[in-house]
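*Asks:* Got a structure for you, written out below as structure tokens; questions coming shortly.
The values are calculated or read from the model by the stated rules, or taken from the named source; none is laboratory data. Computed from a predicted model, the values in this text were never measured in an experiment. Note that each Cβ is placed from the backbone with ideal geometry, even for glycine, and that neighbours are counted across all protein chains shown. Side chains are part of the model used for accessible areas, which takes the heavy atoms of the whole protein and leaves out ligands, DNA and RNA. Shrake-Rupley method; radii C 1.70, N 1.55, O 1.52, S 1.80 Å.
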4 protein chains.
Amino acid sequence: MANKMINFRNDYNSPGHPAVLRAVAECAGVKYPGYGTDAASERARSQIAGLLGPGRCADIHFLAGGTQVNLTALSAFLRPHEAVIAPGSAHIYVHETGAIEATGHKVLTVPPVNGKVRAEDVRAVCKSHTDEHMVKPRLLYISQTTELGTVYTKAELSSLREVCDVCGLLFYIDGARLGYALSSEYCDFELRELAGLADVFYIGGTKNGLLFGEALVICNLKLTSDFRFLVKQHGGLLSKGFLLGIQFTALLEGGLYFDLAKQANDAAAKLTEGLRNKGFSFLTETESNQVFPIVPEDAIKRLEENIHFEVWAGADEKGTPIRFVTTWLTTDEEIEAVLGMIR
Amino acid sequence: MANKMINFRNDYNSPGHPAVLRAVAECAGVKYPGYGTDAASERARSQIAGLLGPGRCADIHFLAGGTQVNLTALSAFLRPHEAVIAPGSAHIYVHETGAIEATGHKVLTVPPVNGKVRAEDVRAVCKSHTDEHMVKPRLLYISQTTELGTVYTKAELSSLREVCDVCGLLFYIDGARLGYALSSEYCDFELRELAGLADVFYIGGTKNGLLFGEALVICNLKLTSDFRFLVKQHGGLLSKGFLLGIQFTALLEGGLYFDLAKQANDAAAKLTEGLRNKGFSFLTETESNQVFPIVPEDAIKRLEENIHFEVWAGADEKGTPIRFVTTWLTTDEEIEAVLGMIR
Amino acid sequence: MANKMINFRNDYNSPGHPAVLRAVAECAGVKYPGYGTDAASERARSQIAGLLGPGRCADIHFLAGGTQVNLTALSAFLRPHEAVIAPGSAHIYVHETGAIEATGHKVLTVPPVNGKVRAEDVRAVCKSHTDEHMVKPRLLYISQTTELGTVYTKAELSSLREVCDVCGLLFYIDGARLGYALSSEYCDFELRELAGLADVFYIGGTKNGLLFGEALVICNLKLTSDFRFLVKQHGGLLSKGFLLGIQFTALLEGGLYFDLAKQANDAAAKLTEGLRNKGFSFLTETESNQVFPIVPEDAIKRLEENIHFEVWAGADEKGTPIRFVTTWLTTDEEIEAVLGMIR
Amino acid sequence: MANKMINFRNDYNSPGHPAVLRAVAECAGVKYPGYGTDAASERARSQIAGLLGPGRCADIHFLAGGTQVNLTALSAFLRPHEAVIAPGSAHIYVHETGAIEATGHKVLTVPPVNGKVRAEDVRAVCKSHTDEHMVKPRLLYISQTTELGTVYTKAELSSLREVCDVCGLLFYIDGARLGYALSSEYCDFELRELAGLADVFYIGGTKNGLLFGEALVICNLKLTSDFRFLVKQHGGLLSKGFLLGIQFTALLEGGLYFDLAKQANDAAAKLTEGLRNKGFSFLTETESNQVFPIVPEDAIKRLEENIHFEVWAGADEKGTPIRFVTTWLTTDEEIEAVLGMIR
């Protein structure tokens, strides 16, 4: 239809990849044990373990969504007086309705630079927390890719690991868009290297092809004790946990998970290129599947007639930053359509 | 195959009904707004509203699982010092890892009689809580069907409603198996009558054909304010909320939801009849899709070779109560097989 | 004056012992560092350490009240899914407005026998908690004296210690009335032996001569880490912490703390003897400073005209149990007066 | 003695004013009902009510300390998703070990200007919190005097009240040092006017002559329901509540409370004057009992040999800000001594 809207609003706007839907449908007649104790979940855990590299043990749990993962994991690892350090732009700080604080823990912020946390800022927060009248910083939260779609390099992650070691912090990486990060040209490391740096991270499925599902990987084995109790207590232990195993297996098989992310990144790069050619500048470099052009006010109104996207921030003299998000479903036609409409 | 196990362990052991899987697959190419603000969710809400009867307004929310619903709803409605009254066998009391207490609220118990709560016991708990040194009872939690598969009659629910009114309690009905209750021959009322008695209840999907999903119905409009904030804070606001709308619509369409439950109840009745004919007695009457025969110790070992089921309680002189759960997938052959194996 | 009421209602109805008031007054001109880091607090900690016996290290903290101590300590020692086992009559279960649950933890109950917990009941609760769908019992709470004023013997405490070891439980003793217990003729052990059996306990001051103040003794050194953070977070870190040190020192000096308790116990014994001679029976043996005679309904009305006391429970065919609590202030005249009034 | 240290570290370094100690001592023989239900507490409540002006009803509660008051009150008034707005320097944000977050609530900050919150910054925070993915601002917290000892004027408080009305915020004033504020020359209003602007505030006793004790005044009667339950749940319901009533009465009688604060403010003014005459500059104007001179590094070392005070912040090119706090106990000799030592 002519008036069909093009959707660049986010990467969770369609049910899921056909391979995922097919896998679920194929198991329709099978009977499974509950709560993730099934063979499909076991297989998905093995596949992920395989990606972590030889000799690395990890505890792997499947949950339904990112906020659920963050609040369950962070509250599981912290004592009541311990706090999280996160960038001021962090999803847990701004966009999860105080979920971490609702479990009793303060989130201390550092100013993000290009979406990223700097080791020196983490160190400063730790140094300023000196006694029992203040919370005790205990965990560093970052996301990869960042909220701006930028990608930490191995050197950057290593410097954060180092400050965590010095300051006695756990290192947690929110991987809602980890597939996009690992498939980015800006990424100079593999999953197994990430697993060597983080205490805990998760591999996001919802934003990259699954109906729903995130795989939490606890690399630091001191943190694994009784974790399933915490998942259950927060309502995250899906009775049909096998659905998570079935879906992850479908996407991890043959590396489809990374291929889809690569497709989305390529689409974002193409869109960026086209916008740059038209003279637009950007809030930040496009490093994964998010594009942040700065556009004039009147362009926004026009675009909104045909395209779903997000106005990212208020206008300044250069214009208004908006956000386009691509996925494996983004087509060249859609990109051309956007480029045709924008001036 | 000869060694294929028959599964009577629970009602959430298979992915979902074909109509549900089909509905999801058919929407694979569609793009939706997030977080349940889509047309599919809107349609499912309308279908449920239609079941509540004319002139009844209610606030309807879709969530992924029962524990999630219980903890979100109960903690949304209570101030910090307010407590829940529930039967000692309640799912929230025994089987949700202290999820309600984790939100800060005490659960006070009354002894269940045939799985059910009696009004006089509720009144006694309220009377014994007299001042600010004790928690303040504020909400009555029951489940329909009960943990024993029994079904509250309209008179029973009305007497509970009455004690709630007298004691200033909200009345909450956990409907993880509400479909089975409403389709039971022992049930003398319809959904719209339930909606007139409860302040809040939910319609369970996971245990009756959905991949996952529960529909929370807030009938008392004083309780609806800001509810989505609470859902988000507890990690229950599914980004692909449209999946819940699509699924519920598929089952509610044409009453399939109730037909499936009826099928399961019929299977349970047939199994009960067969067992009774063989001379078995029961822990309780079979009123829905759960059957609790009391069997000799040696029968358990033999059954476990071919059948998944649950040992419900310790043995006494009459034998050991076990539990068989039926679903829309239960076949006559499976029932015959059980009857053939048990002596 | 003729119409002055005699007060047997509780053991916290007067400001404090003259020695305590004098000690505070004498320090009026002194300047102290805050938050219990002062020399007076240090001295009180040394005095208590001295009572624990040679070679025992313990972490000692002073707080203002019993509920504050209980909620701070228990929540400091437990992870979110871990639960407390306590008698159904426990102060934390019945009379602290859900303070423990407000910190997120379930309290599981066992039926008290003569006010006391039995090891076999604790074991049964632990055995019935089998997996991640249920909370994990982690701490046994009892009080010494019990809510009925009875006193655990060394053998009883040892059997509870044993079940704690077997079941992986911490052993916590609420000592709001520990002085009365240790000064009781029914007590066959000393404080240093208690310190060898419990992981944590506290020595109650408010109910035995202090203006306010309890001394928490953490014997299990694995539990001491960062404890002051928890105290501060719960609002229990008194800025003028030196007041607690000054008061405890005043009472511990020369064993006055135990002498006062002994006086109260003796008064209770005398009152019991008098009542027994008049033919009254008792809810339980008088083992410390609480007396529970069973009296006829009309006696209550008459007594209430001149005496403050508590009606303990509902009437049965034998009469109504009431409670008299004695303190170091209780006089022979007051006892005689009660005996004169009661028939 | 020659080596006696002079104490300018804080205003809670001595037990209490003689009038307070005397009042407690005089009641040593009296027996009281518990938990603040006594006549002494009632009298203190009446005295405070008298200060609120005619026709103003308020609910008044006595608690033991400021952190206890803050966490109890704020968590009593907020639903789980509601947040507090406070200056980044707020005691609840920096120096209470995450007590507010431990009750589940996020604290959002605005940058303090001269210690004070500006209405426009509050409005901006509210405007940026737009939907259920973010917490909902619901209460504005300030302290009077501020953390820098500055004093809000009536116009400033009125503009904050206005923004609270516009944005649907409750207005809470932490009055740990309210006496100093009301006795300040910089203060252009009286307690009854404050009571007309704030929903809730407290009158701090610990920092101005009491052994311990704060009086919480709930002016907004919609917030009073069941408040004692919350106090008890957080361990703040002192069993010997009468001690708080006795103390407050002693200080409020004849306005001694304000006289003591005035003395301290005068001492601070004198110290400021002396320092200014010696050429020192200040971090901020001295408006109450805190003085913040900026001193050279070597002065600090010398002062520390004889004086207790606090280094307030890191050095910059102008020097290091330090803090002197005065009380009713501060003598001219002590001020002269400081002035003699500092260069």
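*Asks:* Name the single residue, out of those in the range C:299-328 being of a type in the set (S, T, N, Q) and within 17 Å of C:Asn13 (Cβ to Cβ), that is surrounded by the fewest Cβ atoms within 10 Å (Cβ to Cβ).
*Replies:* Filtering the range C:299-328 down to residues of a type in the set (S, T, N, Q) leaves C:306, C:320, C:326-327.
Checking the rest, the ones that are also within 17 Å of C:Asn13 (Cβ to Cβ) come to C:306, C:326-327.
Values: C:Asn306: 15, C:Thr326: 27, C:Thr327: 25.
Among residues in the range C:299-328 that are of a type in the set (S, T, N, Q) and within 17 Å of C:Asn13 (Cβ to Cβ), the one surrounded by the fewest Cβ atoms within 10 Å (Cβ to Cβ) is C:Asn306.
*Asks:* From the list B:Arg9, B:Arg79, B:Arg22, which residue is away from chain A (no Cβ under 14 Å), open to solvent by 40 Å² or more (accessible area, probe 1.4 Å) and not polar (S, T, N, Q)?
*Replies:* Details: B:Arg9 fails: away from chain A (no Cβ under 14 Å); B:Arg22 fails: away from chain A (no Cβ under 14 Å).
None of the other options fit; the residue is B:Arg79.
*Asks:* Can you name every residue in the range D:206-237 that is acidic (Asp, Glu) and more than 18 Å from the chain's Cα centre (by Cα)? Break it down into steps so the answer makes sense when it comes.
*Replies:* Going through the range D:206-237, the residues acidic (Asp, Glu) turn out to be D:214, D:226.
The one that is acidic (Asp, Glu) and more than 18 Å from the chain's Cα centre (by Cα): D:Asp226.
*Asks:* Look at A:Gly245 and say whether it is away from chain B (no Cβ under 14 Å), part of a helix (DSSP H, G or I) and crowded, with 24+ Cβ neighbours inside 10 Å.
*Replies:* Against the criterion (away from chain B (no Cβ under 14 Å), part of a helix (DSSP H, G or I) and crowded, with 24+ Cβ neighbours inside 10 Å), A:Gly245 does not qualify.
*Asks:* Read through the list (1) farther than 23 Å from D:Thr150 by Cα; (2) in contact with a strand residue (DSSP E or B) (Cβ under 6 Å, 6 or more places away or on another chain); (3) of a type in the set (Asp, Glu), then give the number of the only condition that D:Asp11 fails.
*Replies:* Evaluating D:Asp11 over (1) farther than 23 Å from D:Thr150 by Cα; (2) in contact with a strand residue (DSSP E or B) (Cβ under 6 Å, 6 or more places away or on another chain); (3) of a type in the set (Asp, Glu) leaves (1) as the failure.
*Asks:* Related question: Which of (1) open to solvent by less than 10 Å² (accessible area, probe 1.4 Å); (2) away from chain A (no Cβ under 14 Å) is the odd one out, the single condition B:Ile92 does not satisfy?
*Replies:* (2)
*Asks:* Looking only at the range B:185-213, filter to residues that are without any contact (Cβ under 8 Å) to a residue 60 or more places away in the chain and in contact with a Lys or Arg (Cβ under 6 Å, 6 or more places away or on another chain); which one of those is nearest to B:Arg56 (Cα to Cα)?
*Replies:* Top of the filtered list is B:Leu197.
*Asks:* Now a separate question. Limited to the range B:329-343, what total is found for residues that are surrounded by fewer than 19 Cβ atoms within 10 Å (Cβ to Cβ), in contact (Cβ under 8 Å) with a residue 40 or more places away in the chain and in contact with a helix residue (DSSP H, G or I) (Cβ under 7 Å, 6 or more places away or on another chain)?
*Replies:* Counting residues in the range B:329-343 that are surrounded by fewer than 19 Cβ atoms within 10 Å (Cβ to Cβ), in contact (Cβ under 8 Å) with a residue 40 or more places away in the chain and in contact with a helix residue (DSSP H, G or I) (Cβ under 7 Å, 6 or more places away or on another chain) gives 2.
*Asks:* Please find, among C:Thr67, C:Thr72, the residue that is within 22 Å of C:Cys164 (Cβ to Cβ), buried (at least 23 other Cβ atoms within 10 Å of the Cβ) and facing chain D (nearest Cβ under 8 Å).
*Replies:* Answer to the check: C:Thr72.
*Asks:* If I ask for residues that are over 21 Å from C:Ala176 (Cα atoms) and open to solvent by less than 20 Å² (accessible area, probe 1.4 Å), which ones from the range D:228-242 would you list?
*Replies:* D:Leu230 - this is the single residue of the range D:228-242 that is over 21 Å from C:Ala176 (Cα atoms) and open to solvent by less than 20 Å² (accessible area, probe 1.4 Å).
*Asks:* Can you pull out every residue in the range C:268-312 that is part of a strand (DSSP E or B) and out of contact with any Gly (no Cβ under 7 Å at 6 or more places or on another chain)? Walk me through how you get there before you give the answer.
*Replies:* First, the residues of the range C:268-312 that are part of a strand (DSSP E or B): C:281-282, C:290-291, C:293-295, C:307-308, C:310-311.
Scanning the range C:268-312 gives C:Ser281, C:Phe282, C:Val291, C:Pro293, C:Ile307, C:His308, C:Glu310, C:Val311.
*Asks:* Among the residues that make up the range B:162-171, is at least one of them farther than 25 Å from B:Val291 by Cα, assigned to a loop (DSSP other than H, G, I, E, B), of a type in the set (A, V, I, L, M, F, W, C) and open to solvent by less than 10 Å² (accessible area, probe 1.4 Å)? Steps first, please.
*Replies:* Filtering the range B:162-171 for residues farther than 25 Å from B:Val291 by Cα gives B:162-171.
From what is left, the residues that are assigned to a loop (DSSP other than H, G, I, E, B) are B:168-169.
If we keep only those that are of a type in the set (A, V, I, L, M, F, W, C) too, we end up with B:169.
Of the ones still in play, those that are also open to solvent by less than 10 Å² (accessible area, probe 1.4 Å) are B:169.
Within the range B:162-171 (the criterion being farther than 25 Å from B:Val291 by Cα, assigned to a loop (DSSP other than H, G, I, E, B), of a type in the set (A, V, I, L, M, F, W, C) and open to solvent by less than 10 Å² (accessible area, probe 1.4 Å)), the answer is yes, since at least one residue qualifies.
*Asks:* With the condition kept exactly as written, say whether any residue in the range C:169-184 is touching a residue at least 40 places away in the same chain (Cβ under 8 Å), touching a Cys at 6+ places or on another chain (Cβ under 9 Å) and more than 27 Å from C:Ile322 (Cβ to Cβ).
*Replies:* Checking the range C:169-184: at least one residue is touching a residue at least 40 places away in the same chain (Cβ under 8 Å), touching a Cys at 6+ places or on another chain (Cβ under 9 Å) and more than 27 Å from C:Ile322 (Cβ to Cβ).
*Asks:* Still on this model: Enumerate the pairs (first residue in the range A:41-61 and more than 17 Å from A:Gln247 (Cα to Cα) and in contact (Cβ under 8 Å) with a residue 24 or more places away in the chain; second residue anywhere and crowded, with 17+ Cβ neighbours inside 10 Å and of a type in the set (S, T, N, Q)) with beta-carbon separation below 6 Å, excluding pairs fewer than 6 apart on the same chain, so at least 6 apart or on different chains.
*Replies:* From residues that are more than 17 Å from A:Gln247 (Cα to Cα) and in contact (Cβ under 8 Å) with a residue 24 or more places away in the chain, the pairs are A:Asp59/A:Thr224.
*Asks:* Name the helices (runs of 4 or more DSSP H) wholly within the range B:6-106 that hold at least 2 residues that are of a type outside the set (A, V, I, L, M), within 21 Å of the chain's Cα centre (by Cα) and at pLDDT 95 or above?
*Replies:* Numbers: elements: B:18-26, B:39-51, B:66-77, B:91-94, B:99-102.
Output list reads B:39-51, B:66-77, B:91-94.
*Asks:* Name the pairs whose Cβ atoms lie under 9 Å apart, with the first residue in the range A:64-93 and under 28 Å from B:Leu244 (Cα atoms), the second charged (D, E, K, R) and part of a helix (DSSP H, G or I), and 6 or more positions between them or separate chains?
*Replies:* Pairs found: A:Gly66/A:Lys207; A:Thr67/B:Lys232.
*Asks:* Also: Hey, D:Ala28 hits all of (1) crowded, with 20+ Cβ neighbours inside 10 Å; (2) in contact with a Leu (Cβ under 9 Å, 6 or more places away or on another chain) but one; which does it fall short on?
*Replies:* Failing condition for D:Ala28: (1).
*Asks:* Ok, one more. Among (1) closer than 19 Å to D:Thr72 by Cα; (2) open to solvent by 20 Å² or more (accessible area, probe 1.4 Å); (3) assigned to a loop (DSSP other than H, G, I, E, B); (4) touching a Leu at 6+ places or on another chain (Cβ under 9 Å), there is one condition D:Ser225 misses while meeting the rest; what is its number?
*Replies:* Evaluating D:Ser225 over (1) closer than 19 Å to D:Thr72 by Cα; (2) open to solvent by 20 Å² or more (accessible area, probe 1.4 Å); (3) assigned to a loop (DSSP other than H, G, I, E, B); (4) touching a Leu at 6+ places or on another chain (Cβ under 9 Å) leaves (4) as the failure.
*Asks:* While we're looking at this one, here's another question. Looking at the structure I just gave you, is D:Glu156 outside any loop (DSSP other than H, G, I, E, B), touching a residue at least 40 places away in the same chain (Cβ under 8 Å), among the charged types (D, E, K, R) and under 28 Å from D:Thr206 (Cβ atoms)? If you could, list the steps in order and put the result at the bottom.
*Replies:* On the way: outside any loop (DSSP other than H, G, I, E, B): yes; touching a residue at least 40 places away in the same chain (Cβ under 8 Å): yes; among the charged types (D, E, K, R): yes; under 28 Å from D:Thr206 (Cβ atoms): yes.
Taking the combined requirement at face value, the residue satisfies it.
*Asks:* Among the candidates C:Lys106, C:Lys136, single out the residue that is within 14 Å of chain A (Cβ to nearest Cβ) and open to solvent by 30 Å² or more (accessible area, probe 1.4 Å). Full working, then the answer.
*Replies:* Numbers: C:Lys106 fails: open to solvent by 30 Å² or more (accessible area, probe 1.4 Å).
It is C:Lys136.
*Asks:* Got a number for residues in the range A:176-218 being more than 20 Å from A:Ala269 (Cβ to Cβ), within 12 Å of chain B (Cβ to nearest Cβ) and either in a helix (DSSP H, G or I) or out of contact with any Gly (no Cβ under 9 Å at 6 or more places or on another chain) (or both)?
*Replies:* 1
*Asks:* Considering only the range C:109-133, how many residues are touching a residue at least 60 places away in the same chain (Cβ under 8 Å) and open to solvent by 50 Å² or more (accessible area, probe 1.4 Å)?
*Replies:* Of the range C:109-133, the ones touching a residue at least 60 places away in the same chain (Cβ under 8 Å) are C:114-115.
The next check asks that each one be open to solvent by 50 Å² or more (accessible area, probe 1.4 Å); those that pass are C:114.
Count: 1.
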